[in-house]
Structure formats: structure tokens, C-alpha cells
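Enquirer: Please find one structure pasted underneath; my questions will follow.
Taken together, the values in this text are just the output of simple stated rules run on the coordinates, not laboratory data. Quick caveat, the model's predicted, so the values are computed rather than measured. Note that each Cβ is placed from the backbone with ideal geometry, even for glycine, and that neighbours are counted across all protein chains shown.
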Amino acid sequence: MLKIKVNSRIRDIEGSSTLAITARAKELAAQGRDVVNFAAGEPDFDTPASIKAAAIRAIESGFTKYTPSIGTPELRKAIAKKFKNDNRLEYTPEQIAVSCGAKHSIYNIIQVLADAGEEVLIPAPYWVSYPEMVKLAGATPKFIETTAHARFKITPAQLKAHISDKTKLLILNSPSNPTGMIYSKKELEAIAAICVENNIFVISDEIYEKLVYDTPHYTSIASFGKEIYNLTITVNGVSKAYSMTGWRIGYSAGAKEIMGYINKFQDHSTSNPSSISQMAALQALNEPEEVTAAMCAEFKKRRDLMTAAFDRIPGVKYVKPDGAFYLFCDFSKFGVSLDIARQILDDVNVAVIPGEGFGAPGYIRLSFATSDERIKEGTKRIADWIKKRL
């Protein structure tokens, strides 16, 4: 047997539970089983035709070569305009880096800012990749546990209690994957004040910003004044808002010095994102607001459909999500969520994501990024599965 010694940081990271379940669901579907997919982390809508047309024009015009590593000037200018119009944030194109998806943007930031011996604060539940990215930087993820009672949000007191002389960075994800919670303006203001007082950097992951259901105005934490603005790196992208997950375009914006290091890092890792995808993203950012509003309205309808179904299922609790397209349910009454997810998939052909990967054992994440018919069918199957266990 070949014995290979690999980098210890690579050896110690965990695989993605999300991708593992998705792969198993695809395998069963390939065998001819009727699988209802509540595991998807992407909109089920097609990319708008005008955006696809922009990509085709890019190909036909020969826009298929390298661009600047951090994106074309035209796209970064459009992103700066988006930040100003949507978030009241003034960034110059030089403060913006376009990357191969928002995940790539976050990875770049963590690799640039977090170092060995430093701690990164991560509210739990969290998106599965945050802790592993921190480990890859040689830093230590430090979790701030939240509760359903607090709507899975950290309090100022909790944040203060977890700060040490090793704290370098806080990761905020609002709207959240997996819980769908959103921090209010007042809550963000309090968090911002603490971060400024303790000189803690903030990664504000706002990828689900356009999918907000019950909040009239979305607030970015960087908008509370120059001090928190300088400490915040704001992350977004076109994946969720424009149903462009496969196009792999995300972006980040922050202080010029930080973004300069991100530029260097990207120079020597991926270089530029796809030139064709950048032209599609440029079109997306110039689309009328109605495009994203229509998709948001449909997701809200689906959220209400799924929550209404779970209201009729005994033994399962949830906190109604304010954004994103996930319902995070407490299945702890029925055992370990990793086992539950496997059983539900194998027994009734419904793919769900176990909470262990999100730092929430006993919970299950269900995506309502699917049709009304599949939501009705999938929740019925889960209800039948639970009925046999009560």
C-alpha cells in the first residue's frame, strides 16, 4: 500500500456533509428511484435568458482570454455601484476583488487575515465550510453557540465573553445558511460597536441578501460608520440572487490594504475568474430589480408551504426563517441527525442535510428551493416516516 504524508492542515479538515448527501441522492436517482431533493443549496430556477445571452455574446466576440486577476474594471465598477445603491457602502473599484464564487472570496479573506495562534469567532449553527477554511489558514475556529430561543443569533454579551487576546476575526452570515435568520439593524449596531472596541475584523457574508421575506430593509454591518467599515470585508455574489451557482462569480470589498493582499493571493492561486462568467455577472448586476423580486416572492411562498406542512408534523420543531431558502428543524427526538438523514433518504427517498456539519447535532436542514409539488410530496413522505416512529 502506498503511504503518503500529506500536509497536516489538509489531513485534518472534514469533508462536506452537504456534498456527501447530495452525491448519495444522485446515485439513488440514477438507479431510478424518485428522490425528492431537499438538500440543494441553489435556486432551482434557470439563469435569466438575458444573462445567458450576455455570456454567448462574450464567447462570440472573443472575450475568452485572461482578465485582471481580481476581475474586469467594468464588473468591479458595477459592483461598486451595487454596494452604493443597495447597501449605502462607498467602495471604489480598487477595493473590490472578484473571485470564483463567494466561497472563494471568503477563503481568500481568511487565508489573508487569519494566522497560526489566532482565533476566528464563528456563531453556531454555521455554514459547513467556515471552520475548515479557518483550519486551512492554521488558525483556530472558536464557536459561539446559539439557541432556537434566541433565533440562532449571538448576543452582545456572548460576543464579549468569547473575545480573547487571540481573537482576530468574526464571521457573520446574514441571512444565514442553515437557519435563515437575519440580524436586525439594532443587533448589528451592537455587534459593530464591540468589534470596533476590540479591533476585530468582520467577514460579512451577505450572499443571501436578495432573499429576504419579512424585513423591509436589509442592513450591512459595514454601514455603521468609518471604523466598522474599515474592519469589515463584505462578501456577496451572483449565485443565489440570479440563479447562477455554476457560473462561479463572487466578490468581496474592504479596506484597500486588505484587498491589496487578496489581490496578491489570488494572483498566485486562481488568477481571474472565467472571463465569460464575468460578462454574465455584469449583465446580472444591471438587471431590473423585478428579476430578483419575483424569485424572492416565489421562495417566500414555498417557505410558507413547507412550514405549514411541518406545523402538522408532531415531534419536529423549527424557527421560521426570515431569509435564504432553508428550514432548520430540530429532529433530536428521533436520534442522531446524521443517521436520520441517511434513513430518510434510504427509507422514503427524501434528501436532507444533517446538522452535524453545521455544528448543530440533532437538526436537519431542508431546502425549499424546489417546486410546490415536490415540497408537498417530500414533506408527506417525512410525515409518514415520523408517524411510524411515534
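Enquirer: Have a look at ILE221, PRO175, THR92 and report the one farthest towards the positive end of the charge dipole of the chain, computed about the Cα centre with Cβ charges (Lys/Arg +1, Asp/Glu -1).
Expert: The residue sitting most towards the positive pole is PRO175.
Enquirer: Right, another one. Please compute the contact order of region 49-285 in relative form: average sequence separation of alpha-carbon pairs under 8 Å and at least six residues apart, divided by the residue count, as a percent. It would help to have the intermediate numbers written out before the result.
Expert: Values: 443 pairs, mean separation 71.1, N = 237.
Relative contact order here is 30 percent.
Enquirer: If you take the charge dipole of region 49-285 about its Cα centre, with +1 on Lys and Arg Cβ and -1 on Asp and Glu Cβ, which of ALA280, GLY101, ILE144 is farthest toward its positive end?
Expert: Highest projection toward the positive end goes to ALA280.
Enquirer: Would you mind pulling out the separation of the Cα centroids of region 37-74 and region 224-245, in Å?
Expert: 19
Enquirer: Which value results when the Cα radius of gyration for region 13-106 is divided by 2.2 N^0.38 Å? Walk me through the intermediate numbers first.
Expert: On the way: Rg = 18.7 Å, N = 94, 2.2 N^0.38 = 12.4 Å.
My calculation over the Cα atoms of region 13-106 gives 1.51.
Enquirer: Given points 7 Å out from each Cα along the Cα-Cβ axis, report the HIS217 to ASP311 separation in nanometres with one decimal.
Expert: Reported label-point gap for HIS217 and ASP311 is 3.0 nm.
Enquirer: List, in the order given, every pair from LYS84/LYS256; LYS77/LYS135; LYS226/LYS320; LYS186/LYS301; LYS160/LYS320; LYS82/LYS301 whose Cα-Cα distance in the structure shown is over 25 Å.
Expert: Working: LYS84/LYS256 17 Å; LYS77/LYS135 33 Å; LYS226/LYS320 34 Å; LYS186/LYS301 28 Å; LYS160/LYS320 27 Å; LYS82/LYS301 27 Å.
Those over the limit are LYS77/LYS135; LYS226/LYS320; LYS186/LYS301; LYS160/LYS320; LYS82/LYS301.
Enquirer: Which value, in debye to the nearest 20, describes the size of the charge dipole of the chain about its Cα centre when Lys and Arg Cβ atoms bear +1, Asp and Glu Cβ atoms bear -1, and nothing else is charged?
Expert: 480
Enquirer: If I model a spin label as a point 7 Å beyond the Cα along the Cα-Cβ vector, how far apart are those points for GLU257 and SER16 in nm?
Expert: 3.4
Enquirer: Just one of (1) 20.7; (2) 19.6; (3) 25.4 is mean projected area of the Cα convex hull in nm² calculated from these coordinates, so which is it?
Expert: Read-out taken from this structure: (1).
Enquirer: Figure the gain on full extension for LYS65 and LYS3 (residue separation times 0.36 nm, minus the Cα-Cα span) and round it to one decimal in nm. Show your work: numbers first, answer last.
Expert: Numbers: separation 62, 0.36 × 62 = 22.32 nm, distance 4.02 nm.
Computed gain between LYS65 and LYS3 is 18.3 nm.
Enquirer: Which aspartates and glutamates, if any, have their Cα less than 19 Å from the Cα of LYS333, not counting same-chain residues under 8 positions apart?
Expert: Here the aspartates and glutamates satisfying the reach criterion relative to LYS333 are ASP311, ASP347, GLU356, ASP384.
Enquirer: Still on this structure, I have one more. Residue by residue through region 109-116, which ³J(HN,Hα) values in whole Hz follow from phi under the Karplus form 6.51 cos²θ - 1.76 cosθ + 1.60 (θ = phi - 60°), with glycine and proline marked x?
Expert: 4, 5, 5, 6, 9, 8, 9, 4
Enquirer: Choose one of GLY323, VAL350, ILE79: the residue whose Cα lies farthest towards the positive end of the charge dipole of the chain (beta-carbon charges +1 Lys, Arg; -1 Asp, Glu; about the Cα centre).
Expert: About the Cα centre, the residue reaching furthest to the positive side is VAL350.
Enquirer: Which value in nm describes the separation of the simple spin-label points at GLU373 and PHE45, placed 7 Å from the Cα toward the beta carbon?
Expert: Distance between label points: 2.0 nm.
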